[in-house]
1. Which ones in the stretch 1-37 are surrounded by 12 or more Cβ atoms within 10 Å (Cβ to Cβ) and at pLDDT below 90?
2. Give just the number: which of (1) in a loop (DSSP other than H, G, I, E, B); (2) over 20 Å from the mean Cα position of the chain (by Cα); (3) modelled with pLDDT of 70 or more does residue 130 not satisfy?
3. For the stretch 71-88, indicate whether the set of residues that are within 19 Å of the chain's Cα centre (by Cα) and part of a helix (DSSP H, G or I) is non-empty.
4. Out of (1) touching a helix residue (DSSP H, G or I) at 6+ places or on another chain (Cβ under 7 Å); (2) at pLDDT 85 or above, the odd one out for residue 108 is which?
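The values are calculated or read from the model by the stated rules, or taken from the named source; none is laboratory data. Fair warning: this is a prediction, and the values are worked out from it, not measured in the lab. As a convention, Cβ positions derive from the backbone with ideal geometry for all residues, glycine included, and neighbour counts pool all protein chains shown.
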């Protein structure tokens with residue numbers, strides 16, 4: 001492995017939380033060199049950590065979006081089934097209970113969603129403060 005490649009691998013492994021001892025075994029560079037690199041590449045390590053963190057956030061957002069879509073798909077099917085059913089039948093009770101649970105789950109998924117208007121409102125206009133904040137509305 002070339003020195004540049006080893007440095008890049010070091011940055012990646014440190015950002016992932018690997019110990020110096022483990023990195024020594026992975027890239028075959030002495031521990032004193034790794035300690036020196038730690039200081040030399042601290043910004044790059046932090047940036048890589050940030051990239052890892054951002055990746056996890058994006059993964060969570062996609063997961064949340066898929067759960068939300070799943071809830072809405074099921075709710076739509078239940079609504080379709082309910083609209084075609086005679087509400088006096090016993091099995092409708094189960095559908096209504098399921099519908100209520102799906103709506104509750106859907107509310108839980110959307111409680112953090114906010115609409116940002118981009119309009120700045122001076123807090124001084126509200127409570128005599130001096131800072132400005134963005135107007136946010138809960139959906």
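1. Answer for the stretch 1-37, where residues must be surrounded by 12 or more Cβ atoms within 10 Å (Cβ to Cβ) and at pLDDT below 90: just 1.
2. Only one criterion is unmet by residue 130, namely (3).
3. First pass over the stretch 71-88, keeping only residues within 19 Å of the chain's Cα centre (by Cα): 71.
Still in the running and part of a helix (DSSP H, G or I): 71.
Yes, because at least one residue in the stretch 71-88 is within 19 Å of the chain's Cα centre (by Cα) and part of a helix (DSSP H, G or I).
4. Failing condition for residue 108: (1).
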